[in-house]
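Asker: The following block contains the structure, expressed as structure tokens.
The values are calculated or read from the model by the stated rules, or taken from the named source; none is laboratory data. Note that the structure is predicted; figures quoted are calculated from it, not measured. Reconstructed Cβ throughout: ideal geometry from the backbone, glycine too, with neighbour counts over all protein chains shown.
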Amino acid sequence: MTDTRNAPIALFQYLNWLRRNWLMAIVYAVFVVGIAVFYTLQIPGLHRATAHTQFQPEAADAGTFDQLSSIVLTGTSESNFPRVNALQHDLALAEYADGAEFNQQIVEHLRTNYSEALERYREQIAAYGDSEENALAYFVRYHFRIYRLQKDHFFIFHWHFFDAEESQRMLNSILSLLDAEMTKRRAARYQFALQQLQNMNLSAAPQAMQELKAQLTALYQSKQAATENGDFQSLFIVLPTEVSAGWVYPSRIKVFLATVAPWLVLGALLINGLLWYRRFRTSRLA
């Protein structure tokens, strides 16, 4: 008589067990699905707020006029004029917004104005760093994103947070913070340009050069006054801030499948154990 105690269990034996114990299998499946759904709905997902903006021409003018003034007043060759490109200042502002300095400003801004929301999700944010001090900085770095559309020069800002309404308010306030910082930097550039013009002694220069200096001085003064009065904004909101209808991370379906998978493995192991036990008892009785 052949000893089958050590033979592997065939697939049809699993199927036969499920057919004979279908009610138990259904109860287990409902139990597993219920746990997975409950867990998926309980974990905090991240909502995404999105804003489409453009950097106003005035925001780049502070740098562009600065270059033009230097080229004209120093008698630089005309071959250098094509290098004056407002777009490079546009990108420089975006680079600043995506840099470490502004990242730290966002951290301080959130701590000051959204302390309750940060405390509510403190455990989730703490997972982003090895200490509470740098966890929020890493969270901001990871979830504040800037994208540039090449053809129309729009900038898309993304901000992720655990609450949909909070994410929208946070992104709007972050953009206001960026606009205020850009305005301050633009005013500083105008002030610097005026100081440079004031330091230029053109008393012995041709009349045309002196007139150009006077025109540039008047231009910078008018732009500085408009900046200080708040007549210009660095950021122009092309589309109102939108919030995703549901989570964008983590994916609900992925969380559900990741929760179900271990329970399915456990169920298969239990069936395997029952089949081995049945085989063992049958061989003993024989």
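Asker: Would you mention how many residues in the stretch 199-216 are assigned to a helix (DSSP H, G or I) and without any contact (Cβ under 8 Å) to a residue 12 or more places away in the chain?
Answerer: Number satisfying all stated conditions: 7.
The rows are residues; the columns are (1) modelled with pLDDT under 80; (2) out of contact with any Pro (no Cβ under 7 Å at 6 or more places or on another chain); (3) within 25 Å of residue 128 (Cα to Cα); (4) of a type in the set (Val, Ile, Thr).
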position: 4; (1), (2), (3), (4): yes, yes, no, yes
position: 7; (1), (2), (3), (4): yes, yes, no, no
position: 18; (1), (2), (3), (4): yes, yes, no, no
position: 22; (1), (2), (3), (4): yes, yes, no, no
position: 34; (1), (2), (3), (4): no, yes, no, no
position: 41; (1), (2), (3), (4): yes, yes, yes, no
position: 44; (1), (2), (3), (4): yes, yes, yes, no
position: 54; (1), (2), (3), (4): no, yes, no, no
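Asker: Being of a type outside the set (D, E, K, R), surrounded by fewer than 13 Cβ atoms within 10 Å (Cβ to Cβ) and without any contact (Cβ under 8 Å) to a residue 24 or more places away in the chain, is that true of even one residue in the stretch 149-171?
Answerer: Within the stretch 149-171 (the criterion being of a type outside the set (D, E, K, R), surrounded by fewer than 13 Cβ atoms within 10 Å (Cβ to Cβ) and without any contact (Cβ under 8 Å) to a residue 24 or more places away in the chain), the answer is yes, since at least one residue qualifies.
Asker: Another one. Which of the helices (runs of 4 or more DSSP H) found entirely inside the stretch 104-167 contain at least 2 residues meeting this: at pLDDT below 90 and of a type in the set (Asp, Glu)?
Answerer: 132-143
Asker: Still on this structure: For the stretch 241-260, which positions are in a strand (DSSP E or B) and among the hydroxyl-bearing types (Ser, Thr, Tyr)?
Answerer: Residues satisfying the conditions are 241, 249.
Asker: For residue 238, are the conditions met, namely being within 30 Å of the chain's Cα centre (by Cα), surrounded by 11 or more Cβ atoms within 10 Å (Cβ to Cβ), β-branched (Val, Ile, Thr) and part of a strand (DSSP E or B)?
Answerer: The answer is yes for residue 238.
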